[in-house]
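Below is one structure, written out as structure tokens; comments come after it.
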Amino acid sequence: MKWFLRISAALTSSFVLTMIVVVGSFIMTMFSAREVGVRKFGLFGAVFFHPQEQSDGSTILEAGVSNGAPIAIIFVLLAAFQVAVASVLERLKAHKRRLQEAD
Amino acid sequence: MRRASVALLFRLFWIFILRRVLGRGLLASRTARISVLLLLVTAFAGFTLLSYVVIRQYFGGTGLLEPVLQAANVSVAFWALVTYVLIRVLFMKADELLKLSFSLPVTNKERTLAFGLFELSVVFVMMLFIFGAFSVSTVLVGGPPFIPKVLASIWFPAQTAYLLLSLGYYLLERALLTLRVSRLRSLIVPMVLGLGLVAIFPYTNEQSAQIAQSHVEGRDYWSPALSFALLQEKAGIWICSLVFLVTSAAIVGAIMAAAPKSYVPIRRFFILLPSWLAKHRFGVYILVMFRNFETTVAVLFVIIFSIFMWVYHLAFPPYVLALVTFQGIYAYSNSETLRRMVPFPGRTFANYLRLVGSQTVLLGVVAIPVLSLSLAQGISWDAIPHVAVFCLSNILISTLIGIAFPPEKGNPFTVLIGVVVTLTIVMIIALGLNIFNFHPAITAIIFILLNLLIVGYSIFGMQRLERIARHEVVS
């Protein structure tokens with residue numbers, strides 16, 4: 001149960017953190033795209049922003065995810081890091097408890 | 001009047017907020033406090049950066065910065081009123097905070113001034129979040145000449161608007177005291193403020209349109225809201241600052257004169273439903289949900305807003321119903337005694353269903369007239385399932401906020417941090433999923449999974465809080 005909770009908490013928070021990274025990268029990419037007709041990429045090629053001029057002179061914006069792999073890697077790395085930190089922290093706490101009890 | 005007493009009380013109120021608000025629920029842990037602080041600072045920095053990039057890209061070197069600043073200036077009163085409504089409704093329930101000062105040797109006038117200063121500082125922090133990014137970006141793009149312009153267009157009007165609103169509030173309180181209905185001000189004041197919002201919103205829109213039109217036609221535009229900006233332009237920032245200080249001092253004097261000599265407690269509950277409902281456990285939860293004064297205030301706001309939409313022939317899907325669903329924040333803490341004082345408090349899952357069910361009943365009751373008005377305005381039936389799903393999801397999120405950051409009785413500020421953090425996370429997730437541009441069915445599945453996660457965390461949180469209450473684990 002403890003591991004289930006630890007992993008689900010890590011997955012939840014890494015999901016939120018990944019979303020923050022994706023949204024932040026997307027916003028930076030969007031505002032770095034100054035030229036119409038040029039596709040700009042961000043977050044290691046994961047997100048793109050593409051303003052295009054139509055024949056009637058209007059501009060349409062195409063945006064989205066071009067490659068999900070970097071996002072998936074970020075998600076997995078963040079989750080693994082959090083599980084590792086939580087495990088180490090738990091062991092350190094247990095060690096501290098043992099030391100206090102020994103006193 | 002002793003200034004030392006006022007300063008001491010002001011300090012006491014802030015210490016109360018820092019210790020009692022930033023040390024409860026998830027925020028009891030130092031790691032969580034630092035994480036929340038980092039999240040808020042990062043969000044503000046990101047917002048400022050975004051604002052700077054947008055202003056530089058669209059207005060830099062175009063000469064449009066001045067009319068944009070004027071438009072922001074006329075909207076200051078509206079945002080000050082929005083912030084004031086929020087703060088006033090929160091402060092109405094701040095009995096715990098006021099009680100702290102009753103045992104101190106201070107007069108009611110000193111208490112009023114200290115409380116006014118405290119309110120002002122809270123409003124200032126909120127205005128910093130609303131206009132801070134815009135002010136910093138405008139100065140970065142426009143250069144140092146824009147510092148006095150931003151001061152005279154945003155910050156001086158914001159503070160004057162707050163002081164005028166405060167004066168209006170104390171005059172209203174005096175009038176209610178004279179009419180001997182002061183205890184009902186928890187009901188009357190939000191109604192007056194709601195009507196104020198309804199009145200000022202179209203005025204602000206009209207002013208912004210007139211500023212844009214004046215700029216296109218190349219003529220100067222003046223309105224009372226632009227007084228400080230005009231004075232700064234004609235006489236300079238020092239004269240403008242002097243006038244601002246004199247005006248503020250005069251209004252503070254008027255507030256002190258208008259403030260009542262004694263404090264009258266407010267009615268915190270309104271009996272709206274028959275007591276026989278208490279025969280069933282679910283009925284008790286419904287009674288708890290309906291009797292709260294915040295519920296009454298939220299329902300009144302929704303009704304006033306719907307009538308406003310009707311009067312101005314504005315047809316929007318009734319997402320305003322979401323205001324009622326925010327009552328979920330109080331659902332857990334307000335019904336806590338029901339689970340503590342009985343020999344068999346029931347299973348956690350059943351109690352969670354009662355909490356969510358009572359809120360759904362409230363939403364259903366308010367939704368009937370509001371949806372009828374919206375449909376009569378010409379909203380299509382297709383919009384209703386979207387509103388219903390949004391509101392139901394909001395109920396689950398609000399309930400989770402109330403469990404993760406439980407509001408303390410008599411200390412309503414405890415909800416603020418939870419609401420800000422949760423709204424930031426929800427908005428980021430919604431925007432992130434929008435970028436992924438999934439098929440609607442996949443997006444729906446993701447949202448269902450997220451809602452199930454919210455339900456799971458809520459039940460887990462309730463179980464943990466119950467174990468803490470039984471002293472089985474430490475918090």
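The values are calculated or read from the model by the stated rules, or taken from the named source; none is laboratory data. Keep in mind the model is a prediction, meaning the values are calculated, not measured. Note: ideal-geometry Cβ built from the backbone for every residue, glycine included; neighbour counts use all protein chains shown.
Against the definition (at the interface with chain B (Cβ under 10 Å from one of its Cβ atoms) and either without any contact (Cβ under 8 Å) to a residue 60 or more places away in the chain or within 20 Å of B:V426 (Cβ to Cβ) (or both)), how does A:V21 come out, yes or no?
Against the criterion (at the interface with chain B (Cβ under 10 Å from one of its Cβ atoms) and either without any contact (Cβ under 8 Å) to a residue 60 or more places away in the chain or within 20 Å of B:V426 (Cβ to Cβ) (or both)), A:V21 qualifies.
From the list B:S186, B:S223, exactly one residue is surrounded by fewer than 17 Cβ atoms within 10 Å (Cβ to Cβ) and in the same structural domain as B:F146 (by TED's automatic domain parsing). Which is it?
B:S223
Can you work out which of the residues in region B:459-475 that are within 13 Å of another protein chain (Cβ to nearest Cβ) and assigned to a helix (DSSP H, G or I) is farthest from B:H386 (Cα to Cα)?
B:R464
I'd like the residue in region B:22-53 that is over 30 Å from B:A469 (Cα atoms) and without any contact (Cβ under 8 Å) to a residue 12 or more places away in the chain and, out of all such residues, is farthest from the chain's Cα centre (by Cα).
Top of the filtered list is B:V53.
For B:N108, all conditions in the list (1) under 29 Å from B:A298 (Cβ atoms); (2) surrounded by fewer than 17 Cβ atoms within 10 Å (Cβ to Cβ) hold save one; what is the number of the exception?
For B:N108, the exception is condition (1).
Answer yes or no as to whether B:I286 is in the same structural domain as B:L353 (by TED's automatic domain parsing) and surrounded by 17 or more Cβ atoms within 10 Å (Cβ to Cβ).
Yes.
Could you please let me know if B:A229 is of a type outside the set (S, T, N, Q), more than 30 Å from B:N334 (Cβ to Cβ) and touching a Lys or Arg at 6+ places or on another chain (Cβ under 9 Å)?
yes
Pick from B:R180, B:R174: which is surrounded by fewer than 19 Cβ atoms within 10 Å (Cβ to Cβ), without any contact (Cβ under 8 Å) to a residue 12 or more places away in the chain and more than 22 Å from the chain's Cα centre (by Cα)?
B:R180
Taking B:Y263, is it under 30 Å from B:F102 (Cα atoms), out of contact with any strand residue (DSSP E or B) (no Cβ under 8 Å at 6 or more places or on another chain) and not assigned by TED's automatic domain parsing to the domain that holds B:L187?
yes
Can you tell me which condition A:A63 does not meet? The list is (1) in contact with a Pro (Cβ under 8 Å, 6 or more places away or on another chain); (2) under 20 Å from B:L50 (Cα atoms); (3) within 11 Å of chain B (Cβ to nearest Cβ), and all the others hold.
Among (1) in contact with a Pro (Cβ under 8 Å, 6 or more places away or on another chain); (2) under 20 Å from B:L50 (Cα atoms); (3) within 11 Å of chain B (Cβ to nearest Cβ), A:A63 violates only (1).
Please verify whether region B:334-351 includes one or more residues that are under 23 Å from B:F447 (Cα atoms) and touching a Phe, Trp or Tyr at 6+ places or on another chain (Cβ under 9 Å).
No: zero hits.
Between a residue in region A:27-46 that is more than 13 Å from A:A63 (Cβ to Cβ) and away from chain B (no Cβ under 13 Å) and any residue that is polar (S, T, N, Q) and part of a loop (DSSP other than H, G, I, E, B), which pairs come within a Cβ distance under 9 Å, given they are 6 or more apart or on different chains?
Every condition considered, the pairs that remain are A:F44/A:N67; A:G45/A:S66; A:G45/A:N67.
Run B:I379 past the list (1) touching a residue at least 24 places away in the same chain (Cβ under 8 Å); (2) closer than 22 Å to B:I286 by Cβ; (3) outside any helix (DSSP H, G or I) and report the number of the one that doesn't hold.
Of (1) touching a residue at least 24 places away in the same chain (Cβ under 8 Å); (2) closer than 22 Å to B:I286 by Cβ; (3) outside any helix (DSSP H, G or I), only one is false for B:I379: (2).
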